[in-house]
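Accompanying notes for the structure given below.
The values are calculated or read from the model by the stated rules, or taken from the named source; none is laboratory data. Owing to the predicted nature of the structure, the values given are computational and were not obtained by experimental measurement. Because the Cβ atoms are built from the backbone with ideal geometry, glycine has one as well, and the counts that use them run over all protein chains shown.
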Amino acid sequence: MVGVMTVRIYKEVEFDASHRLLHYEGRCHNLHGHRWKVEVWIEGTPDPTSCIVLDYARIKEIVQRFDHQIVLNAADPMVAAIEAFHPVVTTPGEPTSECLARLIADDLDAECRRAGTAARVTRIRVWESPNACAELERC
């Protein structure tokens with residue numbers, strides 16, 4: 001008899017987006033852009049038919065909802081002004097790499113549940129520059 005197998009998959013996705021930190025004193029208070037990089041590890045049991053934990057293409061789609069977007073704190077007064085001209089992705093709090101790591105991990109976990117996959121994000125890194133990232137790890 002073959003036992004249940006747990007597999008960890010890894011996907012790296014990049015996107016371009018702008019943001020600003022409303023409650024920060026410094027340069028990041030101004031609207032500016034980054035080439036973001038997301039690294040995600042998902043662990044779970046592969047689907048018995050497809051042998052896939054979660055489709056890599058679906059992971060990329062979920063992360064790239066931020067691609068070429070303006071990402072702002074939902075409380076930022078700039079949201080209403082920009083929305084007159086361009087959609088805005090809002091976050092509950094400052095759109096930091098720490099916040100985006102949590103939001104993306106939650107979105108990916110929700111996709112695993114929707115797909116009926118016994119899997120979840122165990123680690124995610126969100127890089128806002130080549131030398132600065134936030135890492136969220138779940139035990």
Subset of region 26-59, residues under 30 Å from Pro77 (Cβ atoms), in a loop (DSSP other than H, G, I, E, B) and modelled with pLDDT of 95 or more, comes to Asn30, Leu31
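Among the residues of region 65-82, are any basic (Lys, Arg) and buried (at least 16 other Cβ atoms within 10 Å of the Cβ)? Full working, then the answer.
From region 65-82, those basic (Lys, Arg) are 65; that's our starting set.
Applying the additional criterion that residues be buried (at least 16 other Cβ atoms within 10 Å of the Cβ) yields none.
No, the conditions are met nowhere in region 65-82.
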All-but-one check, Asp107 against (1) under 24 Å from Ile9 (Cα atoms); (2) surrounded by fewer than 16 Cβ atoms within 10 Å (Cβ to Cβ); (3) more than 15 Å from the chain's Cα centre (by Cα), failing number (3)
**OP:** Kindly establish whether Ala75 is touching a residue at least 12 places away in the same chain (Cβ under 8 Å), farther than 19 Å from Ala115 by Cα and aliphatic (A, V, I, L, M).
**Re:** yes
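Got a number for residues in region 1-57 being among the basic types (Lys, Arg), buried (at least 16 other Cβ atoms within 10 Å of the Cβ) and within 14 Å of the chain's Cα centre (by Cα)?
Pass one, region 1-57, residues among the basic types (Lys, Arg): 8, 11, 20, 27, 35, 37.
Subsequent filtering for residues that are buried (at least 16 other Cβ atoms within 10 Å of the Cβ) retains 11, 20, 37.
Those still in the list that are within 14 Å of the chain's Cα centre (by Cα) too: 11, 37.
The total comes to 2.
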Picked from region 87-130 (must be at pLDDT 95 or above and in a loop (DSSP other than H, G, I, E, B)), the residue farthest from Arg27 (Cα to Cα) is Pro87
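Yes or no: Ala80 within 19 Å of Cys112 (Cβ to Cβ) and of a type in the set (A, V, I, L, M, F, W, C)? Lay out the reasoning, then the answer.
Numbers: within 19 Å of Cys112 (Cβ to Cβ): no; of a type in the set (A, V, I, L, M, F, W, C): yes.
Considered against the rule, which asks whether it is within 19 Å of Cys112 (Cβ to Cβ) and of a type in the set (A, V, I, L, M, F, W, C), Ala80 comes out as no.
Just to be sure, is Ile124 touching a Leu at 6+ places or on another chain (Cβ under 7 Å), over 15 Å from Gly33 (Cα atoms) and crowded, with 16+ Cβ neighbours inside 10 Å?
Yes; evaluated as a whole, the condition is true for this residue.
So for region 36-54 (the condition being of a type in the set (Lys, Arg) and in contact (Cβ under 8 Å) with a residue 60 or more places away in the chain), does at least one residue qualify? Give the steps one after another, and end with the answer.
The initial filter retains those residues of region 36-54 that are of a type in the set (Lys, Arg), namely 37.
From what is left, the residues that are in contact (Cβ under 8 Å) with a residue 60 or more places away in the chain are 37.
Yes: region 36-54 contains one or more residues that are of a type in the set (Lys, Arg) and in contact (Cβ under 8 Å) with a residue 60 or more places away in the chain.
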Taking region 117-132 and the residues there that are touching a helix residue (DSSP H, G or I) at 6+ places or on another chain (Cβ under 6 Å) and of a type outside the set (A, V, I, L, M), the one that is nearest to Gly44 (Cα to Cα) would be Arg120
Here the qualifying pairs (Cβ atoms under 7 Å; residues six or more apart or on different chains; first in region 13-35 and closer than 14 Å to Ser97 by Cβ; second of a type in the set (Phe, Trp, Tyr) and not in a loop (DSSP other than H, G, I, E, B)) come out as Glu14/Trp36; Phe15/Trp36; Phe15/Phe66; Ala17/Trp36; Ala17/Phe66
For the structure I just gave you, tell me whether Leu72 is closer than 17 Å to Val13 by Cβ and not acidic (Asp, Glu). no
